[in-house]
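Down below is the structure, laid out as C-alpha cells.
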Amino acid sequence: MFRGVVLDEWVREFLEEHPSGTVVEIGVGLNTRYERLDNGAATWVEIDLPDVIALRRELFAEHDRRRMVAGSATEPDWAAAVAAVPGPYLFVSEAVLIYLSEDGARSAVDVIRDRFPGSVLLMDTVGSAEARRPRAVNVGWSCDDPGELAAWGLRLRDSRTLWDLPPQARARLTPGRRLLTALLDRASRGGGTRLSRFDVDGL
C-alpha cells in the first residue's frame, strides 16, 4: 500500500510539471494508477506480458491516451510504441525489476536509457539483508545503495524507504500510525526496500 502512495506522489509531481507528458507503466499487472491520477491530458502506456494485457483489455478501456502494449520489460520491442507518443516520459516500475535477475533488470533499464535519455524512472530496490530473508525468496537481485545505479546510467534524484511517506499522505494518518511509520522508516534505513526516482542520463 505505502509503495503505491509514494510512487503516486512522484507521478503527480511529474504530471503537474508536464501535464501532457507520458507515463509508462512497466509490468503494469492490474495496477489502477490511471484511474487514480489521470489528468485528462497525459498519455499512458501500460506494458506487460501478453496474457496480462489480454486481461487488462477485458477490464479497462483503451483509447488514444491510454495504450496497452504486450511485451517483456527486458526486450526492446515495446519501445517503439512508447516512442510513438509524445514525451517527456516518466517510467514506473513497481515491484517488477526486483524480481528479475540483475542482468534482466539491467536489460530493462538499458532499453529505457538507450531509447529515452532524459526521461525519469521510478523503481524499487531491495537491500541485501532484506533479500536474504525467507519472505524475499523471489527477489532476483539486491542493491544496498540506489546511488550505485549510476553505473547503469541512472542519476539518483530522490530515495525513500517504504515508510517515508510524502507529507500529504502522512498528514492523513492517525497519530499512532504516524508514529509507527516513523519508527519503521528509521528501522528500515539500514538496507530494506527503497523507492527511488532517477533521471535517466545515459552512459
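Only one of these conditions is not met by residue 124: (1) outside any strand (DSSP E or B); (2) within 16 Å of the chain's Cα centre (by Cα). Which number is it? Unmet for residue 124, out of (1) outside any strand (DSSP E or B); (2) within 16 Å of the chain's Cα centre (by Cα): (1). Those residues that are part of a helix (DSSP H, G or I) and open to solvent by 40 Å² or more (accessible area, probe 1.4 Å), I need them from the range 88-104; list them, please. Result: 99, 102, 103.
For the subset of the range 1-38 comprising residues that are in contact with a Phe, Trp or Tyr (Cβ under 8 Å, 6 or more places away or on another chain) and aromatic (Phe, Trp, Tyr), which member is nearest to residue 79 (Cα to Cα)? The residue in question is 34.
Rundown of residues vs (1) within 18 Å of residue 158 (Cα to Cα); (2) surrounded by fewer than 15 Cβ atoms within 10 Å (Cβ to Cβ); (3) in contact with a Lys or Arg (Cβ under 9 Å, 6 or more places away or on another chain); (4) at pLDDT below 95, yes/no style:
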site: 79; (1), (2), (3), (4): no, no, yes, no
site: 82; (1), (2), (3), (4): no, no, yes, no
site: 86; (1), (2), (3), (4): no, yes, no, yes
site: 106; (1), (2), (3), (4): no, no, no, no
site: 122; (1), (2), (3), (4): yes, no, yes, no
site: 126; (1), (2), (3), (4): yes, no, yes, yes
site: 134; (1), (2), (3), (4): no, yes, no, yes
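In the range 68-77, what residues are farther than 18 Å from residue 140 by Cα and open to solvent by 30 Å² or more (accessible area, probe 1.4 Å)? Listed by number, the residues that qualify are 70, 76, 77. Listed by first and then second residue, the pairs with beta-carbon distance under 7 Å, at least 6 apart or on different chains, first residue in the range 56-78 and over 22 Å from residue 104 (Cβ atoms), second modelled with pLDDT of 95 or more and polar (S, T, N, Q), are 65/43. For residue 11, the stated conditions hold: it is among the aliphatic types (A, V, I, L, M), modelled with pLDDT of 95 or more, open to solvent by less than 50 Å² (accessible area, probe 1.4 Å) and within 13 Å of the chain's Cα centre (by Cα).
Against the numbered list (1) farther than 16 Å from residue 200 by Cα; (2) assigned to a loop (DSSP other than H, G, I, E, B), residue 118 comes up short only at (1). Figure legend. Inter-residue proximity from the range 32-45: first residues of a type in the set (Lys, Arg), second residues assigned to a helix (DSSP H, G or I) and open to solvent by less than 30 Å² (accessible area, probe 1.4 Å), beta-carbon distance below 8 Å, spacing 6+ or different chains. Indicated pairs: 33/4; 33/7; 33/8; 33/11; 36/8. Inside the range 33-67, residues that are within 21 Å of residue 96 (Cα to Cα), open to solvent by 50 Å² or more (accessible area, probe 1.4 Å) and within 19 Å of the chain's Cα centre (by Cα) make up a count of 4.
The values are calculated or read from the model by the stated rules, or taken from the named source; none is laboratory data. As the structure is a computational prediction, the values presented were derived from the model and not from experiment. Glycine also receives a Cβ, built like all others from the backbone with ideal geometry; neighbour counts cover every protein chain displayed. These area figures cover heavy atoms from the full protein model, side chains too; ligands, DNA and RNA do not enter into them. Shrake-Rupley method; radii C 1.70, N 1.55, O 1.52, S 1.80 Å.
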